[in-house]
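Here the structure is laid out as structure tokens; the discussion comes afterwards.
The values are calculated or read from the model by the stated rules, or taken from the named source; none is laboratory data. Just so it is clear, the model here is predicted, and its values are computed rather than measured. Reconstructed Cβ throughout: ideal geometry from the backbone, glycine too, with neighbour counts over all protein chains shown. Each accessible area value is taken on the protein alone, full model and side chains, heavy atoms only, with ligands, DNA and RNA left out. Shrake-Rupley method; radii C 1.70, N 1.55, O 1.52, S 1.80 Å.
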Amino acid sequence: MNSLSIIEKKRDGESLTAEEIRFFVDGYTRSEIPDYQAAAWCMAVYLNGMSRQETADLTLAMAESGEMLDLSGLLDTVIDKHSSGGVGDKTTLVVLPLVVACGVPVAKMSGRGLSFSGGTLDKLESIDGYNTKLTRDQFTAQIRKHGIVLCGQTADLAPADAKLYALRDVTGTVPSKPLIAGSIMSKKIAAGAEAIVLDVKCGRGAFMQSLDDARDLAQIMVDIGASLGRKVTALISDMSQPLGCAVGNALEVREAIDTLHGHGPADFIEHCLIVAGHMLRLAGKSQTEDLSDNRPILEEKLHDGSAWEVFRRLVNAQGGNVDQIDHPDRLPAAPVIIDVPAPTSGQLSAIDAREIGIAALELGAGRHKKEDPIDHAVGLVIHHKVGDTTQAGDTLFTVHARNAEAAQQASRRVLAAHAWAEPVDKPLLVYDIISSP
Ligand code: URA
């Protein structure tokens with residue numbers, strides 16, 4: 001077996017065996033296979049796809065490329081959530097404390113931004129001192145003591161994914177169903193998750209732009225989970241427009257804090273309640289399969305300050321500056337802030353989430369290359385959502401930029417991302433739900 005023949009086989013549209021996939025994944029993880037060969041292989045997979053069996057084999061090979069965590073002695077149910085990536089998606093910052101406040105401890109490893117989509121770790125690092133790099137011992141000590149952990153992958157967890165993820169980001173091979181499914185599910189399986197809620201984003205600001213593709217990706221991941229004995233629920237949720245209003249790291253942390261105080265944007269609050277409801281159900285905290293069952297407790301914990309207190313506990317436990325979250329105006333702030341007015345009156349028919357994500361990336365909220373620094377202060381706040389009516393001159397969005405030129409460029413792009421047309425319905429938040437049997 002050799003790496004070249006495996007690349008050629010995939011290039012020619014043939015199926016790889018489990019042994020070939022493992023040989024390639026292990027060789028790349030140990031740096032015996034160079035980046036240029038792995039990049040060629042990713043592109044061959046992107047172009048020719050993988051069968052369900054190959055995708056399951058890839059997932060397992062990546063999960064087993066490092067340490068496999070077993071938290072079953074520490075938690076009643078090891079429950080996890082994962083988003084396939086979107087614009088303004090700060091759901092984890094609210095949902096984790098909310099679920100923990102309802103009596104379900106959660107230990108979660110999150111990722112960084114990828115392409116135009118943001119990442120939870122980058123958002124958390126807007127808070128001075130917040131340590132996203134916990135050792136295995138710190139991770140387990142914290143879940144024991146505080147019932148909540150939110151950090152990056154430990155170096156030894158699914159290291160194959162960490163390498164491939166960074167390589168895909170710079171080789172145009174992110175939006176591949178088998179590669180996304182393998183990437184997400186390998187991390188969840190290596191982290192010992194017994195039950196997983198997947199938030200599969202669909203629309204312009206997602207890696208899957210059509211409902212059919214998002215459904216297909218969701219089904220692949222649900223099947224992989226089920227074949228490994230995991231309970232999985234996948235929501236297919238809207239990412240045609242940004243989720244909530246804030247896009248950009250510190251701005252999103254502020255919006256999450258507002259939400260934890262019960263004042264966030266309506267669509268974002270609703271989305272968090274849905275995701276948290278599915279997590280509680282999978283953790284066995286619902287009397288019935290009906291989500292309305294656990295809705296009252298989730299609303300109570302969001303509005304009575306319990307979820308906020310858990311978030312404070314999390315930030316404190318991970319070394320973050322609690323003063324900054326108590327006074328969000330002390331989070332990083334951009335020097336140039338401009339309000340941009342609506343040029344016309346009428347009903348908003350589209351806010352292109354991808355364009356908004358790219359504008360935030362160009363402002364410095366994301367990375368072009370994996371070693372690029374992030375500017376935590378910059379980003380955008382949109383003030384109206386699809387279906388809202390604006391009057392000419394109303395503030396449409398606010399740009400937070402490092403300098404006036406960057407602000408002007410972002411304004412042009414974000415303005416062009418808004419459309420007014422015939423009356424439209426507000427997009428659904430969740431299009432479909434696929435669950436393992
Ligand atoms: N999120 C992941 O963890 N991996 C991907 O490939 C895409 C989104």
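Please list the helices of the chain that count as membrane-span-like by this rule: a mean Kyte-Doolittle hydropathy of at least 0.5 together with Cα atoms stretching 30 Å or more along the helix axis, each helix being a complete DSSP H run. Display every interim value, and only then the final one.
Details: long enough: none.
Answer set is empty.
With every protein chain present, what is the per residue accessible area of the range 3-49 (1.4 Å probe, Å²)? Walk me through the numbers before you get to the answer.
Details: 2410 Å² over 47 residues.
Here the residues of the range 3-49 average 51 Å² of exposed surface.
Would you calculate the separation in nanometres between label points at Val322 and His261, each defined as 7 Å from the Cα along the Cα-to-beta-carbon direction?
1.7 nm
Counting other Cβ atoms within 10 Å, keep those with at most 13, restrict to DSSP loop, and tell me which trypsin sites (Lys or Arg not before Pro) in the range 289-390 are left. Show your work: numbers first, answer last.
Values: sites: Lys301, Arg312, Arg313, Arg330, Arg354, Arg367, Lys369, Lys370, Lys385; in loops: Arg367, Lys369, Lys370, Lys385.
Here the trypsin sites (Lys or Arg not before Pro) that fit, given the DSSP loop and packing criteria, are Lys369, Lys370.
What whole-number value in Å² describes the accessible area per residue of the range 333-421 for a 1.4 Å probe?
On the way: 3880 Å² over 89 residues.
Roughly 44 Å² per residue, with all protein chains present.
Run the accessible area of the range 250-357 with a 1.4 Å probe and give the carbon-and-sulfur part as a rounded percent. Mind dumping the intermediate values first?
Numbers: 2090 of 4410 Å².
Answer for the range 250-357 is 47 percent, counting heavy atoms of protein chains only.
At 7 Å along the Cα-to-beta-carbon direction for both Asp35 and Lys369, put a label point, then send me their distance in nm to one decimal.
Taking the simple label geometry, Asp35 and Lys369 are separated by 0.9 nm.
Rounded, prolate or oblate, given the Cα gyration tensor of the range 288-355, with a/c below 1.5 counting as rounded?
Numbers: a/c = 2.90, a/b = 1.21, b/c = 2.39.
Judged from the Cα gyration tensor, the range 288-355 comes out oblate (a/c at least 1.5, b/c at or above a/b).
Full extension from Met1 to Val430: what is 0.36 nm times the residue separation minus their Cα-Cα distance, to one decimal in nm? List each step's numbers first, then the result.
Numbers: separation 429, 0.36 × 429 = 154.44 nm, distance 4.48 nm.
So the chain would gain 150.0 nm between Met1 and Val430.
Quick check for you: with a 1.4 Å probe and neighbouring chains kept, what is the accessible area per residue of the range 163-299, in Å²?
On the way: 3940 Å² over 137 residues.
Using a 1.4 Å probe on heavy atoms only, each residue of the range 163-299 averages 29 Å².
Relative contact order of the range 3-49: what whole-number percent is it, with Cα pairs under 8 angstrom and at least 6 residues apart?
Working: 29 pairs, mean separation 23.4, N = 47.
Worked out over the range 3-49, it gives 50 percent.
When DSSP beta bridges are limited to those with both residues in the chain, what percentage is antiparallel, rounded to the nearest 5?
Working: 23 of 42 bridges.
Once the DSSP bridges in the chain are tallied, antiparallel ones form about 55 percent.
Taking 0.36 nm per intervening residue step and subtracting the Cα-Cα distance, what contour gain separates Ala141 from Ala392 on full extension?
84.9 nm
If you take the square roots of the eigenvalues of the alpha-carbon gyration tensor of the range 333-421 and sort them as a ≥ b ≥ c, do you get rounded (a/c under 1.5), prolate (a/b over b/c) or oblate? Intermediate results must be reported in sequence, preceding the final value.
On the way: a/c = 2.74, a/b = 1.79, b/c = 1.53.
The shape class here is prolate.
Taking all protein chains as present, what is the carbon and sulfur share of the accessible area of the range 3-49, in % to the nearest whole number, probe 1.4 Å?
On the way: 1220 of 2410 Å².
Heavy-atom surface of the range 3-49 belonging to carbon and sulfur, 1.4 Å probe: 51 percent.
Between Gln209 and residues 5 or more places away or on another chain, which pairs have amide H atoms under 5 Å apart, with H built 1.01 Å from N, and which residues are they?
Distant-sequence amide H within range of Gln209: Gly203.
Using a/c under 1.5 as the rounded threshold, could you call the range 265-417 rounded, prolate or oblate? The axes a ≥ b ≥ c are square roots of the C-alpha gyration tensor eigenvalues, and prolate needs a/b larger than b/c, oblate otherwise. Mind showing how you got there, number by number?
On the way: a/c = 2.20, a/b = 1.42, b/c = 1.54.
Taking the square roots of the gyration eigenvalues as a ≥ b ≥ c, the range 265-417 is oblate.
Could you list, in their original order, any pairs among Lys108/Lys370; Lys285/Lys385; Lys133/Lys426; Lys231/Lys369; Lys187/Lys285; Lys108/Lys285 whose Cα atoms are separated by more than 30 Å?
Working: Lys108/Lys370 22 Å; Lys285/Lys385 33 Å; Lys133/Lys426 39 Å; Lys231/Lys369 35 Å; Lys187/Lys285 25 Å; Lys108/Lys285 19 Å.
Result: Lys285/Lys385; Lys133/Lys426; Lys231/Lys369 exceed 30 Å.
Length gain on complete extension for the stretch Glu14 to Asp76, per 0.36 nm per residue less the alpha carbon to alpha carbon distance?
Fully extending the segment from Glu14 to Asp76 adds 18.0 nm.
Suppose a student asked you for the relative contact order of the range 333-421, using Cα pairs under 8 Å spaced at least 6 residues apart; what percent would you report? Spell out each step's value before the answer.
Working: 177 pairs, mean separation 42.5, N = 89.
Reported relative contact order: 48 percent.
Which three extents, in angstrom, do the Cα atoms of the chain have along their principal axes, listed largest first?
Rounded to whole Å, the extents work out to 65, 45, 40 Å.
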